[in-house]
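Just below is one structure, and these are the notes that go with it.
The values are calculated or read from the model by the stated rules, or taken from the named source; none is laboratory data. Predicted model, so just to flag it, every value in this text is computed and none were measured. Cβ placement follows ideal geometry from the backbone for every residue including glycine, while neighbour counts extend to all protein chains displayed.
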Amino acid sequence: MTALDLVAELPSLDAAELRRYGRHLVIPEVGPEGQRKLKAARVLLVGAGGLGSPLALYLAAAGVGRLGLVDFDRVEASNLQRQLLFGDGDVGREKVTAAVARLRDVNPHVHVEPHAVRLTATNALELLRDYDVVADGSDNFATRYLVNDACVLLGKPDVWGAVQRFEGQLAVFWAARGACYRCLFPEPPPPGAVPSCAEAGVLGVLPGIVGALQASEVLKLLLGIGEPAVGRLLTFDALRLRFRELAIKKSPSCPVCSPQPTQRGLIDYPELCGEGGAVAHASVDAEGNGVSETSTGGASFDGPWDGLEVEVADLKRWREEGRDLQLLDVRQPVEHSIAHIEGALLVPLPQLPARVGELDPARPVVVHCHHGPRSLRAAEWLRAQGFPRAASLAGGIDAWSVEVDPEVPRY
Ligand SMILES: [Zn+2]
């Protein structure tokens, strides 16, 4: 796999580098030539946070010659629970400045390029152009779509990772070889439908695991070895210690990477993360569909609805008892066609604000998706919209297949 086409004349390694990279040099798939490829390589890390920390530390230690870091934030005390690039003394400093100092200590042979800017539709192509591989460790959809679209336009691989609470996801989006992010999710979710990392929380070690996997994918791409996660979406459930893999196909109607793209430039979406809570976004509806702002509710209601999640065994029992409830499926239509629970109303998550009128706030709503993260977002959003008895089905339709109805296919 030589598609990356690193510089034809590889730089040489001096005596200090040969000593430093000894454990790489003895691996046949890396060797001195692979190490020289790493030295010639240019990798851009978007986001110097939870995912960006292990990415930067491992790629610098591995000897990737040029590492770009894009982040406009400053280090906050609440970052230190997971962002191992920084220490207590860095609080208040510009992240990229603190990162440069740390990475210089990790490996002085590596050139680190700080970009203390917000990635926008105006600067993205310029910033990404000079790098061979881009690793996206950003925490918001606006940046995620920008990175994907710019990578498609520039023909570069996008090594993407995301984390929330106990769940992580990873894929290599590379339009020349397989699906891009928009093949999977053509449009971002509506503002307010997704809680930010700050609201949802994340187990500190989780970005360490997913970011290290991203670093491994970057190194494989640079070395041209192994099978990169192209056309594969890997999910990691830390609570169950379970990895799953979903095949993702290139979409013939993808707005950016299909033969007839409908989108030829970059789009600045409004910031969807890091600007306060989901509740603060709840009244925002770009379509003007009359989503009303209400209080969070949730304080006074009865029965099993005080938790945000319900178990599949409970749902099974309530259905058998003929309880009045609305079952809502927030997956994509293609997933619904693979497997669905009888009686569920399909409203893909991005359409929820526009179609929330199809639900009755006076009745309980059980939301499900594939494994639970999307339905959890939907349930939180519905509560903020005045559906006090909205809850997410823990484990999603997959748990339903395993524990209740084996006739429902798993995917
Ligand atoms: Zn695509």
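Hey, can you tell me all the residues within segment 372-411 that are among the hydroxyl-bearing types (Ser, Thr, Tyr) and touching a strand residue (DSSP E or B) at 6+ places or on another chain (Cβ under 9 Å)?
Selection gives Ser375, Ser392, Tyr411.
Given the options Leu85, Leu69, Leu125, Leu59, name the one that is of a type outside the set (Val, Ile, Thr), more than 30 Å from Pro32 (Cα to Cα) and within 24 Å of the chain's Cα centre (by Cα).
Only one candidate qualifies: Leu125.
Rundown of residues vs (1) within 16 Å of the ligand (Cβ to nearest atom); (2) over 30 Å from His371 (Cβ atoms), yes/no style:
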site: Ala101; (1), (2): no, yes
site: Leu125; (1), (2): no, yes
site: Val133; (1), (2): no, no
site: Val147; (1), (2): yes, no
site: Ala150; (1), (2): yes, no
site: Leu154; (1), (2): yes, yes
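Given the conditions (1) crowded, with 24+ Cβ neighbours inside 10 Å; (2) farther than 17 Å from Asp158 by Cα, report the number of the one that Glu94 does not fulfil.
Result: Glu94 fails condition (1) only.
Scan segment 28-43 and give yes if some residue there is without any contact (Cβ under 8 Å) to a residue 12 or more places away in the chain and more than 32 Å from the chain's Cα centre (by Cα), otherwise no.
First, the residues of segment 28-43 that are without any contact (Cβ under 8 Å) to a residue 12 or more places away in the chain: 28, 31.
Remaining after also requiring more than 32 Å from the chain's Cα centre (by Cα): 28, 31.
Yes, segment 28-43 contains at least one residue that is without any contact (Cβ under 8 Å) to a residue 12 or more places away in the chain and more than 32 Å from the chain's Cα centre (by Cα).
Go through segment 156-180 and count every residue that is within 13 Å of the ligand (Cβ to nearest atom), among the small types (Gly, Ala, Ser) and buried (at least 23 other Cβ atoms within 10 Å of the Cβ).
Matching residues across segment 156-180 total 3.
Within segment 245-267, can you find the residues that are closer than 26 Å to His370 by Cα, without any contact (Cβ under 8 Å) to a residue 24 or more places away in the chain and more than 10 Å from the ligand (Cβ to nearest atom)?
Answer for segment 245-267, where residues must be closer than 26 Å to His370 by Cα, without any contact (Cβ under 8 Å) to a residue 24 or more places away in the chain and more than 10 Å from the ligand (Cβ to nearest atom): Glu245, Ala247.
Among the numbered criteria (1) surrounded by 18 or more Cβ atoms within 10 Å (Cβ to Cβ); (2) more than 19 Å from the chain's Cα centre (by Cα); (3) over 21 Å from Ile267 (Cα atoms), which single criterion is violated by His109?
If we test His109 against (1) surrounded by 18 or more Cβ atoms within 10 Å (Cβ to Cβ); (2) more than 19 Å from the chain's Cα centre (by Cα); (3) over 21 Å from Ile267 (Cα atoms), just (1) comes out false.
Taking strands (runs of 3 or more DSSP E) that fall entirely within segment 311-411, which contain at least 1 residues that are among the acidic types (Asp, Glu), at pLDDT 90 or above and surrounded by fewer than 18 Cβ atoms within 10 Å (Cβ to Cβ)?
Fully inside segment 311-411 and qualifying: nothing.
Touching a Pro at 6+ places or on another chain (Cβ under 8 Å) and at pLDDT 95 or above, is that true of Arg102?
The answer is no for Arg102.
Would you please name the residue that is nearest to Asp73 (Cα to Cα), looking only at residues in segment 112-130 that are surrounded by 15 or more Cβ atoms within 10 Å (Cβ to Cβ) and hydrophobic (A, V, I, L, M, F, W, C)?
So the residue we want is Ala116.
Out of (1) in contact with a helix residue (DSSP H, G or I) (Cβ under 9 Å, 6 or more places away or on another chain); (2) at pLDDT below 50; (3) polar (S, T, N, Q); (4) surrounded by 15 or more Cβ atoms within 10 Å (Cβ to Cβ), what's the single condition that is false for Ser283?
Only one criterion in (1) in contact with a helix residue (DSSP H, G or I) (Cβ under 9 Å, 6 or more places away or on another chain); (2) at pLDDT below 50; (3) polar (S, T, N, Q); (4) surrounded by 15 or more Cβ atoms within 10 Å (Cβ to Cβ) is unmet by Ser283, namely (1).
If a residue must be assigned to a helix (DSSP H, G or I) and either of a type in the set (Asp, Glu) or closer than 24 Å to Ser138 by Cβ (or both), how many such residues does segment 39-65 contain?
Narrowing segment 39-65 to residues assigned to a helix (DSSP H, G or I): 39-40, 52-62.
Going one step further and asking which of them are either of a type in the set (Asp, Glu) or closer than 24 Å to Ser138 by Cβ (or both), we end up with 52-62.
Residues flagged as assigned to a helix (DSSP H, G or I) and either of a type in the set (Asp, Glu) or closer than 24 Å to Ser138 by Cβ (or both) within segment 39-65 amount to 11.
Evaluate segment 55-67: report whether one residue or more is over 19 Å from Arg104 (Cα atoms) and surrounded by fewer than 24 Cβ atoms within 10 Å (Cβ to Cβ).
Within segment 55-67 (the criterion being over 19 Å from Arg104 (Cα atoms) and surrounded by fewer than 24 Cβ atoms within 10 Å (Cβ to Cβ)), the answer is no, since none of the residues qualifies.
Could we say that Ala193 is farther than 22 Å from Leu67 by Cβ, away from the ligand (no atom under 16 Å from the Cβ), touching a Phe, Trp or Tyr at 6+ places or on another chain (Cβ under 7 Å) and modelled with pLDDT under 95 here?
yes
When segment 304-344 is examined, which residues are found to be under 18 Å from Pro373 (Cα atoms) and basic (Lys, Arg)?
If the condition is that a residue be under 18 Å from Pro373 (Cα atoms) and basic (Lys, Arg), then Arg331 is the only one that fits.
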